[in-house]
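Take a look at the structure set out below.
The numbers here are math on the coordinates, done by the rules we state, and not lab data. Being a predicted model, the structure only gives us computed values, none of them experimental. Positions of Cβ are generated from backbone atoms using ideal geometry, with glycine treated the same way; all protein chains shown enter the neighbour counts.
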Amino acid sequence: MVTAVETMARPQRWATPFGPDMTEAIVDELMTLPIFRDIDESRFPGNTPLRGILLNDTRVVNYEPGEIVVREGDYGNSAFLILDGYLRVVLNPNLPQNMLGRLSMKKKGFVEALSQLWTNSWRPEVRDPGRYQGATSAGSSGGTAGVYLQDIPAILDKHQTAQLGPEMIFGELAALGRVPRTASIFAESDVRVLEMRWQGLRELRRFDTTWKEKIDLAYRKNALHNALSEAPMFSHLTEEQLKAVEEETLFETHGAFDWHTSYKRMLAQGREMEHGTPIARQGDYPDGILMVRAGFARVSAQLGNGERTLTYLGAGDVYGLEELYRAWQNKGEDVVLETSLTALGYVDLLRIPRTVLEEYAFPQMAPPRQRLADLAGAEISSDALKEWAVGRRYINGTRAMLIDLNRCTRCDDCVRACASTHGGNPRFIRHGATFDHWMVANSCMHCADPVCMIGCPTGAIHRSMLDGSVVVNDDTCIGCGTCAASCPYDNIRLVQVANLHGEPLVDGEHKPIMKATKCDFCSSNPGGPACQRACPHDALRRVDFRGPDPFRGGYQ
């Protein structure tokens, strides 16, 4: 039995158990399964016992035939263990977007786009209530969180699938690596699964060798192989050579997985974001390169008693390559790291040893074209904006709304254009954090790390297959507010919707029906973002903060 621990504090997350209906009896049942029964409980610390993890970091979820468990492309923070029943994973081809509760988007024609000027209702957020009837097959806003596939035999006939049965684990790579789900999985029969939030999964991997080997093996078999095979420096290798590189490669994570929680708390307290967890320090001897698989990391150099930000790295970028290549080229010359690397929020890395690079990569490589340290040659005065953007994590934004306040006349043409395009209600607020004469407006930034997608029960918020924008399917949104609460930048809002007569829609309990709204980058409009096109002074621009200098170029 789990008892109170007097000498060691329990994890703060246990103040809100993952499964409020979890009981000691369910934990007893779980402990009879070989996957938990064979764990050496003595290896777990007193403040995080095995039974405590099962009681507070897991929950039992039941699914009906046809109900979707995970969707390809979704972001998740939990893994699953099948207790009873069978699931199907869709291998090829992927399920259509509308089956997953997502929008099947297409560009509007010229007449369709123009007709918005006279077809919009005088009341904002008007909907046809008929869209929300019919409960579960396409999702609804009537309270159900399930999205169902209606004809399982037809799906099995048209798609290549594989069966998953009791005691099989899935979803662990996406949960621990903050990467999109790679396939859709649905219930073939009545199924009972154990859902484990990522913190509990991390502790199981940390303190039990069997779980560590299981997860690490899956990582090497899937994610690691793909990441290395896509890296230009290893593109010439045979499968046998690539496997040798995989066996020597280590993977590690730094920073806080749920960084958006601490981010919002710190901003509420009026504090700027710290730069995060140190990974490598300037002056250290490198033992290999670091390849970013997910997340962001800050590259900095010493400046007096402090440091200046040179750039930041994202998925696919490499750190330490220039120094190690120079050492190999100069026949073993001792080199040290010329810059420091720090996790920004959360970063998932691959560490590839120096010996592996010297055998498999360097002999076939051209010399690196630029050293990260060379970025220190830029004027120090140009760093201020970069430091501000990094500190506020705007580097996450791929299509942020940047307003030049020296040009903006506050005419609000941008707001009116947005409202005309979205049923009478704008999808952004012309307000936001400012630095000098630049404002990052409260508009969805379509993040590279879209934490808003984590936890959406119906998959209503997702990336558009049309252009990669983060969009919300109004038909399957149930107004739970999970995405709005998760957005680090407060760029998602819940609005009450009305029927065609302008009367507020309510559910069976007479509670207002709410929907999540946000900028969708005007994905269906042929001319692109209406706000940008409407600005008469070229003051509003959509920028990718991952570019070389979003304040001077790289406008979309």
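Miscellaneous remarks
- Of LYS212/LYS331; LYS214/LYS243; LYS264/LYS515; LYS212/LYS386; LYS212/LYS243, pairs whose Cα-Cα distance is over 27 Å: LYS212/LYS331; LYS212/LYS386
- With at most 14 neighbouring Cβ atoms within 10 Å, loop GluC sites (Glu not before Pro) (DSSP) excluded, longest segment of the chain: 7-166
- Local electrostatic count, CYS447, Cβ distance below 10 Å [Lys/Arg +1, Asp/Glu -1]: +1
- Ellipticity at 222 nm from helices only: DSSP H runs of n ≥ 4 in the chain, each -39500 (n - 2.57), divided by the residue count, give -6500 deg cm²/dmol.
- Residues with amide H under 5 Å from that of THR339, placed H, sequence gap 5 or more: GLY283
- Net charge contributed by nearby residues that have their C-beta within less than 13 Å of PRO488 (K/R +1, D/E -1): +1
- Over the range 505-547, the Kirkwood radius and the radius of gyration, each from Cα atoms, give a ratio Rg/Rh of 1.24.
- Each Cα pair under 8 Å and six or more residues apart adds its separation to the average, and for the chain the resulting relative contact order is 17 percent.
- Couplings 3J(HN,Hα) for the range 86-99, derived from phi with the Karplus relation 6.51 cos²θ - 1.76 cosθ + 1.60 (θ = phi - 60°), are 9, 10, 10, 9, 7, 8, 6, x, 5, 5, x, 4, 5, 5 Hz, where x marks Gly and Pro.
- Here's the picture: charge each Lys and Arg Cβ at +1 and each Asp and Glu Cβ at -1 in the chain, and of ASN77, ASN473, ALA25 the one pushed furthest to the positive end of that dipole is ASN473.
- Cβ-defined net charge surrounding THR339, 12 Å radius [Lys, Arg +1; Asp, Glu -1]: -2
- Sorted into 10 angstrom bins from 0, the C-alpha pair distances of the chain split as 3, 15, 24, 26, 20, 10, 2, 0 percent.
- GLU230 paired with GLN163, simple spin-label distance in nm, labels 7 Å along Cα-to-beta-carbon: 3.3
- Mean shadow area of the range 171-284, taken as a quarter of the surface of its Cα convex hull (nm²): 11.9
- Shape of the range 389-503, Cα gyration tensor, a/c cut at 1.5: oblate
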